[in-house]
Amino acid sequence: MEMQNEIKVERREDVTLFDVSGDVNRFSEPFFKDAYAQVDFQEKKILLKFHEKAYINSEGLKVLIQLLAETNKNQQQVGIVGLSEHFKKIFRMVGITKFANIFGSVKEAMEGLSGSAGHSG
């Protein structure tokens, strides 16, 4: 059963957090666009927090890649948390980790985004 999308945008210190609930698919694009429209381009750190049960299909991956292309163009650093091991593996396979770091927790991501300049997989 598909879960409806919702993205809450909140600021935590110098990081903009996208709290993503629901499955990520082709219908997710306007939700991500709306969330990203709330980000000032001076804000250089974005954290995508997925909920453990979230499902991301191939169309959802395209939506995420479009978002990451924008953040890369704007020289913004992106972290991702909340992915299952399955999706961590998929994100690595499709190259998302070239544009975003995957972290184990929000705390780890906040520290990692604050202290790092590059991207790791």
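For the chain, the dipole from Cβ point charges (+1 on Lys and Arg, -1 on Asp and Glu) about the Cα centre works out to 360 debye, to the nearest 20.
Spin-label model, residue 10 to residue 58: label points 7 Å out along the Cα-to-beta-carbon direction sit 3.6 nm apart.
Here's the picture: charge each Lys and Arg Cβ at +1 and each Asp and Glu Cβ at -1 in the chain, and of 22, 55, 4 the one pushed furthest to the positive end of that dipole is 55. The H on the amide N of residue 48, modeled in the peptide plane, is under 5 Å from the matching H of 18, 79, 80, 81, each at least 5 residues off or on a different chain. Projected onto their three principal axes, the Cα atoms of segment 6-115 cover extents of 30, 27, 23 Å, largest first.
Note: relative contact order over the chain, using C-alpha pairs below 8 Å and six or more positions apart, is 23 percent.
Peptide packing: for 19-32, 95-108, the average count of neighbouring Cβ atoms within 10 Å per residue gives the ranking 19-32, 95-108, highest mean first.
Residue separation of residue 88 and residue 65 scaled by 0.36 nm, minus their Cα-Cα distance, works out to 6.8 nm of gained length.
The packing ranking, built from the mean of other Cβ atoms within 10 Å per residue, places the peptides 77-85, 5-13 in the order 77-85, 5-13, highest first.
Positive contributions from Lys and Arg (+1) and negative ones from Asp and Glu (-1), summed over other residues with Cβ under 12 Å from the Cβ of residue 114, come out at 0.
None of the figures in this text is laboratory data; all of them are computed from the coordinates on show. Source: prediction; values computed, not measured. Here Cβ is always computed from backbone atoms with ideal geometry, including for glycine, and neighbour counts include all displayed protein chains.
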